[in-house]
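Trainee: Dropping a structure here in structure tokens format, bear with me for questions.
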Amino acid sequence: MEFWTHPACLQHDTGPGHAERPERLSAVTDALRAAFPDVEWFEAPRATRGQLLRVHDASLLASVLDTHSPARVHLDPDTVLSPASAEAGLRAAGSVVAATDAVLHGKDRRRAFCAVRPPGHHATRDVAMGFCLFNSIAVAAAHALDDGRLSRVAIVDFDVHHGNGTQAIFEHDPRVLYLSSHQSPLYPDTGYPDERGEGNVHNAMLRPGSGSDAFRAAWRDVLLPDLDAFEPQFLFVSAGFDAHWRDPLAQLQLQADDYAWLTRELVAIANRHAGGRVVSMLEGGYDLDALRECSVAHVEALREA
């Protein structure tokens, strides 16, 4: 098990009162360092333009990397570009790519967690949106497939918001299975069960107020059997903790134990089909106490054999 992060991710300045703030990342890294003092931390490299272009259009790269302004710029009402944001986005995507290489090629490394920001799963091929600049998990999944060793990878997304960007990028690529549980109605108002792609997209919608029973049933009865049947050779996780009952941006009622339960189920499937290989990255989660508690529960379960 290893952790990846970079101090540049703290410099992404979203402005006063923004939910996606640097303190989120500090809460996670501080909690993980305290809970797992034996786990090695690695500094994320920058993703290259070539790695980003596997899943993003050149126009999106230009809007993020080539916008030079001394002040914050809003790409949409929620998505902010500050002078340090491009570097943060490159390091966030680069962390997941580097972790993927380490897990894919390392003899004794089977799992990694990337504690980074900004999040990524709303970024589409050509639009930065929903707090997200680059779709880091998509960049890493495409990188893994380009390696040539793998023909099937899966992306599991338990953020409370549907990962519309990840789904849109891969919905016509049967090598990638995308599974998501998310609150509906809620931003970005996508992720309906009839959105199936090439049969490689599986969405479970949870009504506001849903708690542990509904969440676990959606995964136990529908999504996990679909994942198991796909027999993924590598498992990626978009780990958003904003379905926790404390989160201010949604209305689900999950507990930290729910994330631990699902992570153990994912590890078991990875052990059966993927040599135990799992790379997870931080997505959403906007209550600092919930972030601390849930990230530790998630990583603790990731570390289980």
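Trainee: On alpha carbon coordinates alone, what is the Rg over Rh value for the stretch 162-305, Rh being the Kirkwood radius? All intermediate terms of the calculation are to be shown ahead of the outcome.
Mentor: Details: Rg = 14.3 Å, Rh = 15.3 Å.
Result for the stretch 162-305 is an Rg/Rh of 0.93.
Trainee: Would you calculate the separation in nanometres between label points at Glu304 and Phe42, each defined as 7 Å from the Cα along the Cα-to-beta-carbon direction?
Mentor: Computed distance between label sites Glu304 and Phe42 equals 2.5 nm.
Trainee: Can you list which of the trypsin sites (Lys or Arg not before Pro) found in the stretch 1-107 are DSSP loop residues with at most 11 other C-beta atoms within 10 Å? Don't jump to the answer; show the numbers that get you there.
Mentor: Details: sites: Arg24, Arg33, Arg46, Arg49, Arg54, Arg72, Arg91, Lys107; in loops: Arg46, Arg54, Arg72, Lys107.
Those satisfying the criteria are Lys107.
Trainee: Would you mind working out the accessible area per residue for the chain, using a 1.4 Å probe, and quoting it in Å²? Display every interim value, and only then the final one.
Mentor: On the way: 11200 Å² over 305 residues.
Value for the chain: 37 Å² per residue.
Trainee: Of the listed values [x] 29, 48, 22, 1; [y] 38, 60, 2; [z] 34, 61, 5, grab the one calculated as P(r) over Cα pairs in 20 Å bins from 0, in percent from the structure here.
Mentor: Working out P(r) over Cα pairs in 20 Å bins from 0, in percent from the coordinates points to [y].
Trainee: With θ set to phi - 60°, apply the Karplus curve 6.51 cos²θ - 1.76 cosθ + 1.60 along the stretch 261-271 and write out the HN-Hα couplings as whole Hz, x wherever there is a Gly or Pro.
Mentor: 4, 5, 4, 4, 5, 5, 4, 4, 5, 4, 5
Trainee: Would you mind telling me the share, in percent, of accessible area of the chain contributed by carbon and sulfur at probe 1.4 angstrom? Please list the in-between numbers first.
Mentor: Details: 5390 of 11200 Å².
The value for the chain is 48 percent carbon and sulfur by accessible area.
Trainee: Distance in nm between label sites at Asp126 and Asp194, each 7 Å beyond Cα in the beta-carbon direction?
Mentor: My value for the distance between the label points is 2.6 nm.
Trainee: As a test of the formula, what do you get for the chain when each DSSP H run with n ≥ 4 contributes -39,500 (n - 2.57) and the sum is divided by the residue count, at 222 nm and rounded to the nearest 500 deg cm²/dmol?
Mentor: Mean residue ellipticity, 222 nm, calculated: -11500 deg cm²/dmol.
Trainee: Which is the longest run of the chain containing none of the GluC sites (Glu not before Pro) found in DSSP loop states (not H, G, I, E, B) with at most 13 other C-beta atoms within 10 Å? Let's see the in-between values first.
Mentor: Details: sites that count: Glu198, Glu304.
Between exposed loop sites, the widest span is 1-197.
Trainee: According to a simple spin-label model (label point 7 Å from Cα along Cα-to-Cβ), what is the distance in nm between Ala229 and Asp213?
Mentor: 2.7
Trainee: Please report the antiparallel percentage of DSSP beta bridges with both residues in the chain, rounded to the nearest 5.
Mentor: Restricted to the chain, the bridges split so that about 10 percent are antiparallel.
Trainee: Show me the three semi-axes of the equivalent ellipsoid for the stretch 100-224, from the C-alpha gyration tensor (sqrt of 5 times each eigenvalue), largest first, rounded to whole Å. It would help to have the intermediate numbers written out before the result.
Mentor: Numbers: eigenvalues 117, 57, 47 Å².
Sorted largest first and rounded, they come to 24, 17, 15 Å.
Trainee: While we're looking at this one, here's another question. Based on C-alpha coordinates, I'd like the Rg and Dmax of the stretch 14-92, in Å.
Mentor: For the stretch 14-92, the Cα radius of gyration and maximum Cα-Cα distance read 15.2, 42 Å.
Trainee: Could I ask something else about it? With a Förster radius of 35 Å, plug the Cβ-Cβ distance of Trp245 and Asn271 into 1/(1 + (r/R0)^6) and report the FRET value to the nearest 0.05.
Mentor: Working: r = 30 Å, r/R0 = 0.86.
Calculated transfer efficiency: 0.70.
The values are calculated or read from the model by the stated rules, or taken from the named source; none is laboratory data. All of these numbers come straight from a predicted model, not from anything done at the bench. Heads up, the Cβs are rebuilt from the backbone with ideal geometry, glycines too, and the neighbour counts pull from every protein chain shown. We work out accessible area using only protein heavy atoms, side chains counted, and drop any ligands, DNA or RNA first. Shrake-Rupley method; radii C 1.70, N 1.55, O 1.52, S 1.80 Å.
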